[in-house]
Amino acid sequence: MEKKNGTGGEKSRGKRLQSASREIAYIALTVALITVCAWISLPFGEVPFTLQTFAVTLAGGLLGWKRGALAVAVYILMGLIGIPVFAGFKSGIAALFGATGGYIFGFVFAVLITGLFKLIPVKAGGVRAAMLFGANAVGMAVCYLFGTLWFMQLTHSGFAAALALCVVPYLLPDGIKLALAAILSVRLEKFVK
């Protein structure tokens, strides 16, 4: 009986290993991007002004819903265990479960929604960017809602007061970040496998 050459199996295993390595690298780079964007922070009212919304929606647009959500989950877990990944170099249970922690958990909704919209097979660049911007806006609206309800629960404030403190001042800057994330997602997605 002849022994089969193992090169076919080795090639297949090599491709799987290369694919897994690429996935891990994408997720690690995305976690790093979200972290750096959290550190770029201006104290402003109850919720600091950061670039996290840009990074999270870019993650959904580039990586899709599975890898994007995994990256956000890893980011949240890192902050929970004490690695200072949140705005103002904060971390831990107090930062994550404090009054503004709902917005961090809301990032999961934002990345899932944007990532799911990425699956829609639109080829035209301008139309695709507009579609992703709309997805980013819907995802961020859900994030805002979740974070605002969380904030209300912990601070015992009303809905209008919580919106005025935590959402309204950020609408225009976040709109710009969401548009930029949509444009970059369309331009860079051909490089992300």
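The values are calculated or read from the model by the stated rules, or taken from the named source; none is laboratory data. Since this is a predicted model, take the numbers as computed values, not measurements. No Cβ is skipped: glycine too gets one built from the backbone with ideal geometry, and neighbour counts run over all protein chains shown. Surface areas here come from the heavy atoms of the whole protein model, side chains and all, with no ligands, DNA or RNA. Shrake-Rupley method; radii C 1.70, N 1.55, O 1.52, S 1.80 Å.
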*asked:* So in the range 152-193, with the set limited to residues that are open to solvent by 30 Å² or more (accessible area, probe 1.4 Å) and assigned to a loop (DSSP other than H, G, I, E, B), which one is modelled with the lowest pLDDT?
replied: K193
*Can you pull out the residues in the range 111-151 that are in contact with a helix residue (DSSP H, G or I) (Cβ under 8 Å, 6 or more places away or on another chain), among the β-branched types (V, I, T) and assigned to a helix (DSSP H, G or I)?*
V111, I113, T114, V138, V142, T148
_Candidate set: the range 113-131, residues that are within 15 Å of the chain's Cα centre (by Cα) and either under 18 Å from K193 (Cα atoms) or charged (D, E, K, R) (or both); chosen: the one modelled with the lowest pLDDT_ = K118
*Some residue of the range 47-54 being outside any helix (DSSP H, G or I), in contact (Cβ under 8 Å) with a residue 40 or more places away in the chain and surrounded by fewer than 16 Cβ atoms within 10 Å (Cβ to Cβ)*: no
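A quick yes/no check of all residues on (1) open to solvent by less than 10 Å² (accessible area, probe 1.4 Å); (2) under 20 Å from G175 (Cβ atoms); (3) touching a strand residue (DSSP E or B) at 6+ places or on another chain (Cβ under 7 Å); (4) assigned to a helix (DSSP H, G or I):
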site: A25; (1), (2), (3), (4): no, no, no, yes
site: T30; (1), (2), (3), (4): no, no, no, yes
site: A38; (1), (2), (3), (4): yes, yes, yes, yes
site: L58; (1), (2), (3), (4): no, yes, no, yes
site: G61; (1), (2), (3), (4): yes, yes, no, yes
site: K66; (1), (2), (3), (4): no, no, no, yes
site: A73; (1), (2), (3), (4): no, no, no, yes
site: G82; (1), (2), (3), (4): no, no, no, no
site: G102; (1), (2), (3), (4): yes, no, no, yes
*If a residue has to be among the aliphatic types (A, V, I, L, M) and within 14 Å of V127 (Cα to Cα) to count, how many in the range 175-193 make the cut?*
5
_Restricting to the range 84-100, give me the number of residues that are open to solvent by less than 10 Å² (accessible area, probe 1.4 Å) and of a type in the set (F, W, Y)._
1
